[in-house]
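*Asks:* Here it is: the structure, laid out below.
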Amino acid sequence: MRDAELGKRPEGLRQVFRAELKQYEQERQMPYVTSIEQMGREEERRSIALRMLQENILLEAIARITEWTIAELQQLQADQSQE
């Protein structure tokens with residue numbers, strides 16, 4: 001709806017529309033995540049996956065929880081056994 005069209009509407013309706021539009025835009029904003037925050041999240045995800053692997057939880061379950069692929073988990077497991 002253009003401002004010219006909004007101008008033909010009652011003031012209350014314009015305010016409601018603008019408030020709803022503002023809320024819609026705020027809900028869709030992506031939060032900014034710094035690279036340090038992202039690295040911290042990755043490290044936490046890795047730590048969780050390692051603990052689950054040590055507890056012999058099925059790879060498929062770990063993959064669902066951590067959003068890692070089976071191949072990534074197998075590589076993590078192989079890397080861990082070499083250390």
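Each value in this text was obtained by applying a stated rule to the coordinates, not by laboratory testing. Just so it is clear, the model here is predicted, and its values are computed rather than measured. Counting neighbours? That spans all protein chains shown, and the Cβs are built from the backbone with ideal geometry, glycine included.
*Asks:* Quick one, which of (1) 84; (2) 94; (3) 152 is the actual volume of the Cα convex hull per residue in Å³ calculated for this model?
*Replies:* Among (1) 84; (2) 94; (3) 152, the one derived from this structure is (3).
*Asks:* What dipole magnitude, in Debye to the nearest 20, does the chain give about its Cα centre under +1 on Lys/Arg Cβ and -1 on Asp/Glu Cβ?
*Replies:* 660
*Asks:* Using DSSP H assignments, which helices in the chain have an axial alpha-carbon span of 15 Å or above and a mean Kyte-Doolittle hydropathy of 0.5 or higher?
*Replies:* none
*Asks:* Would you work out the relative contact order for the chain, in percent, from Cα pairs under 8 angstrom that are 6 or more residues apart?
*Replies:* Answer for the chain is 17 percent.
*Asks:* The chain: longest stretch without exposed trypsin sites (Lys or Arg not before Pro) (DSSP loop, at most 16 other Cβ within 10 Å), sites themselves excluded?
*Replies:* The segment 29-83 is the longest one with no such site.
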